[in-house]
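Working notes, structure below.
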């Protein structure tokens, strides 16, 4: 069986959408006999009547209606392919898919992506959030091109490049009396710990820091979203430990206080990429931009 001819499908769609051959010919800038020939050839190819004439109008048959649904999808794909090729001719460099933790995406990545867009508008970037382990899995499955993760993170097929070390701070209810200037694990022993995700590297770091000071927090309150966690702390229901940037602004900032930890606690943000990932100009540009994360550390405000 011969392949479908795009010109024949285009003429067929024009006839049934406009209702007659003359209007279709005018729209396609063809003669009416040329349109009629293309439709007849299409009917011959499929071995079915696709159009029937009732008075001066042309209507699709049942087979024609079914074919039209496929033809519209084919035409849309062809138009999208043409648009994609135009973008490449116009300097489109490609799309890069990034995975990031929620705090990094919310508080660190936006200005980096803004500078990248301003300097290289022909690079398309999409970002999804996830835990470090989830991002590594997505990289291995080639559903992501780059990951911004927190250490530890390792896999034989994944290259890890440290970017920056980020200070972690405690945020505590603002109405709690006698808060220490630099809380130690023992100072937090009688308060509920509020976290965003149990399976994250951040939560593991927090629990290790507390355990080193002899504290096993009970209860642990888990909420969906970092801003929700901050709101819970602001309402006086517990404390959390987060990255300094996340403590600067946002929900309930006037209802909680920020304190550095004793001993200090930090986490390392790193770039993750498959070792065998084919390189491209777009990928290099985005990778270089991400490596600038955290160049200017924030000033901690109590």
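Taking the stated definitions as given, is residue 239 in contact (Cβ under 8 Å) with a residue 12 or more places away in the chain, under 30 Å from residue 126 (Cα atoms) and touching a strand residue (DSSP E or B) at 6+ places or on another chain (Cβ under 7 Å)? Working first, answer last.
On the way: in contact (Cβ under 8 Å) with a residue 12 or more places away in the chain: yes; under 30 Å from residue 126 (Cα atoms): no; touching a strand residue (DSSP E or B) at 6+ places or on another chain (Cβ under 7 Å): yes.
The answer is no for residue 239.
In segment 255-264, what residues are surrounded by 19 or more Cβ atoms within 10 Å (Cβ to Cβ) and in contact with a helix residue (DSSP H, G or I) (Cβ under 8 Å, 6 or more places away or on another chain)?
256, 261
Any residue that is without any contact (Cβ under 8 Å) to a residue 12 or more places away in the chain, more than 25 Å from the chain's Cα centre (by Cα) and surrounded by 13 or more Cβ atoms within 10 Å (Cβ to Cβ) - is there at least one of those in segment 64-76?
yes
I'm checking my understanding of the structure. Among residues of segment 243-254 that are touching a helix residue (DSSP H, G or I) at 6+ places or on another chain (Cβ under 7 Å) and either buried (at least 16 other Cβ atoms within 10 Å of the Cβ) or in a strand (DSSP E or B) (or both), which one is modelled with the lowest pLDDT? Give the steps one after another, and end with the answer.
Here is the first cut: in segment 243-254, the residues touching a helix residue (DSSP H, G or I) at 6+ places or on another chain (Cβ under 7 Å) are 243, 245-246, 250-252.
Adding the requirement that they be either buried (at least 16 other Cβ atoms within 10 Å of the Cβ) or in a strand (DSSP E or B) (or both) leaves 243, 245-246, 251-252.
On the way: 243: 89, 245: 85, 246: 85, 251: 73, 252: 77.
Out of the qualifying residues, it is 251.
I need the full set of residues from segment 77-92 which are surrounded by 13 or more Cβ atoms within 10 Å (Cβ to Cβ) and either modelled with pLDDT of 75 or more or closer than 17 Å to residue 14 by Cα (or both), in order please.
Quick first cut of segment 77-92, residues surrounded by 13 or more Cβ atoms within 10 Å (Cβ to Cβ) only: 78, 87, 92.
Within segment 77-92, just 78 meets the criteria.
When residues of segment 199-220 are filtered for being in contact with a helix residue (DSSP H, G or I) (Cβ under 9 Å, 6 or more places away or on another chain) and farther than 19 Å from residue 179 by Cβ, how many remain?
Step one: filter segment 199-220 for residues in contact with a helix residue (DSSP H, G or I) (Cβ under 9 Å, 6 or more places away or on another chain), giving 199-202, 209-217, 220.
From what's left, farther than 19 Å from residue 179 by Cβ: 199-202, 211-212, 214, 216, 220.
Qualifying residue count, segment 199-220: 9.
Conditions (1) surrounded by 17 or more Cβ atoms within 10 Å (Cβ to Cβ); (2) at pLDDT 90 or above; (3) over 19 Å from residue 198 (Cα atoms); (4) not assigned by TED's automatic domain parsing to the domain that holds residue 285, marked per residue:
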| residue | (1), (2), (3), (4) |
| --- | --- |
| 100 | yes, yes, no, no |
| 109 | yes, yes, yes, no |
| 121 | no, no, yes, no |
| 133 | no, yes, no, no |
| 136 | yes, yes, no, no |
| 139 | yes, yes, yes, no |
| 152 | no, no, no, no |
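The values are calculated or read from the model by the stated rules, or taken from the named source; none is laboratory data. Just so it is clear, the model here is predicted, and its values are computed rather than measured. Positions of Cβ are backbone-derived with ideal geometry, glycine not excepted, and every protein chain shown enters the neighbour counts.
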